[in-house]
Amino acid sequence: MLRTDIFMLENIISLSSDYFLRYGIRNVSMDDIAQALGISKKTLYLHVDNKETLVHMVAEKFMCEDEQFALKIKAQNLNAIDEMLQIAENVYLKLKNINVASLYDLHKYYPQVWNMFEQHRHSFIAAIIQENLSKGIAEGLYRQNLPPKIYTHFYLTLAGSITDMKKGTCEKCKPAELFMEFFKYHILGISSDKGIQYLKKNLDKIKAITHETIV
């Protein structure tokens, strides 16, 4: 693929990602994307076969960004609580910009892509959380009697409920607000006395989240 083609494809994926999150997937047509890019629909289809393929590409972009972010955190050699504070800020900002309609659309109309996210959560995210739990126990910041595998399961189950699109699951709740309540529940539940004291002194490391009531 030519460099210009790669650049165009990256622009298509980036703009589509923004539009899907802002307006919902069903509310954005391929015509809307072509018009926003200033290209013809025919040109758009030279780079993307169809809308489902585009949704798949956007999903892959999100998962790739997750992996890059995790590597960036790991390279900083932070302690376990600082890692979780950075993860919390990153997730919160992503959820804050998501139109709930996009989650409904993904779950209902693009089950294969939804399953990709689920597999990502149960493999990549699970590994990150389990590693963080083991690290926090070794550092004395988390309770010594925590079984990492079980608490990783708890984390994944509760995190999954935030974007659960089934009827009757807090339909009017905002994902970002749900996540912050979940994060407080998680971090306070696993922290030792030493960890809670560290958390109180270091909440200002999260700049974008209302965190006064965490501890």
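The values are calculated or read from the model by the stated rules, or taken from the named source; none is laboratory data. Just so you know, these numbers come straight off a predicted model, no measurement behind them. In this analysis, Cβ positions are derived from the backbone assuming ideal geometry, glycine residues included, and neighbour counts consider all displayed protein chains.
Just checking, does segment 155-169 include any residue being at pLDDT below 90, aliphatic (A, V, I, L, M), assigned to a helix (DSSP H, G or I) and touching a Leu at 6+ places or on another chain (Cβ under 7 Å)?
Checking segment 155-169: at least one residue is at pLDDT below 90, aliphatic (A, V, I, L, M), assigned to a helix (DSSP H, G or I) and touching a Leu at 6+ places or on another chain (Cβ under 7 Å).
Within the bounds of segment 128-139, is there any residue that is modelled with pLDDT of 90 or more, within 17 Å of residue 62 (Cβ to Cβ) and in a helix (DSSP H, G or I)? First the steps, then the outcome.
Our first condition is that a residue be modelled with pLDDT of 90 or more; within segment 128-139, this holds for 128-139.
Restricting the remaining residues to those that are within 17 Å of residue 62 (Cβ to Cβ) gives 128.
Applying the additional criterion that residues be in a helix (DSSP H, G or I) yields 128.
Within segment 128-139, one or more residues are modelled with pLDDT of 90 or more, within 17 Å of residue 62 (Cβ to Cβ) and in a helix (DSSP H, G or I).
Among the residues of segment 140-154, which ones are in a helix (DSSP H, G or I) and farther than 18 Å from residue 81 by Cβ? Don't jump to the end; show me each part of the working.
We begin by selecting, within segment 140-154, every residue in a helix (DSSP H, G or I); these are 148-154.
Hits for segment 140-154 are 149, 150, 153.
Mind listing whichever residues of segment 1-45 are outside any helix (DSSP H, G or I) and either touching a strand residue (DSSP E or B) at 6+ places or on another chain (Cβ under 8 Å) or exposed (fewer than 15 other Cβ atoms within 10 Å of the Cβ) (or both)? Give the derivation first.
So in segment 1-45, the residues outside any helix (DSSP H, G or I) come out as 1-2, 24-29, 38-40.
Residues satisfying the conditions are 1, 2, 27, 29, 38, 40.
Any residue in segment 46-64 that is surrounded by 12 or more Cβ atoms within 10 Å (Cβ to Cβ) and outside any helix (DSSP H, G or I)?
Among the residues of segment 46-64, at least one is surrounded by 12 or more Cβ atoms within 10 Å (Cβ to Cβ) and outside any helix (DSSP H, G or I), which makes the answer yes.
Here are some residues: 103, 188. Which one is of a type outside the set (Lys, Arg), touching a residue at least 12 places away in the same chain (Cβ under 8 Å) and more than 30 Å from residue 25 (Cα to Cα)? Full working, then the answer.
Working: 103 fails: more than 30 Å from residue 25 (Cα to Cα).
Of 103, 188, the one residue that is of a type outside the set (Lys, Arg), touching a residue at least 12 places away in the same chain (Cβ under 8 Å) and more than 30 Å from residue 25 (Cα to Cα) is 188.
Restricting attention to segment 71-91, and to residues there that are of a type in the set (Gly, Ala, Ser) and over 12 Å from the mean Cα position of the chain (by Cα), which single residue is nearest to residue 132 (Cα to Cα)? Step through it out loud before you land on a result.
Residues of segment 71-91 that are of a type in the set (Gly, Ala, Ser), as a first pass: 75, 80, 88.
Then keep just the ones that are over 12 Å from the mean Cα position of the chain (by Cα); that gives 75, 80.
Working: 75: 14, 80: 6 Å.
Ranking the qualifying residues of segment 71-91, first place goes to 80.
If you go through segment 73-118, how many residues are assigned to a helix (DSSP H, G or I) and under 21 Å from residue 183 (Cα atoms)? Step through it out loud before you land on a result.
First, pick out the residues of segment 73-118 that are assigned to a helix (DSSP H, G or I): 73-75, 80-96, 100-109, 111-118.
If we keep only those that are under 21 Å from residue 183 (Cα atoms) as well, we get 73-74, 80-96, 100, 103, 117-118.
Total satisfying the criteria: 23.
Residue-wise test of (1) within 20 Å of residue 19 (Cα to Cα); (2) over 18 Å from the mean Cα position of the chain (by Cα); (3) exposed (fewer than 15 other Cβ atoms within 10 Å of the Cβ).
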| residue | (1), (2), (3) |
| --- | --- |
| 93 | yes, no, yes |
| 101 | yes, no, no |
| 114 | yes, no, no |
| 132 | no, no, no |
| 139 | no, yes, no |
| 143 | no, yes, no |
| 147 | no, yes, yes |
| 153 | no, no, no |
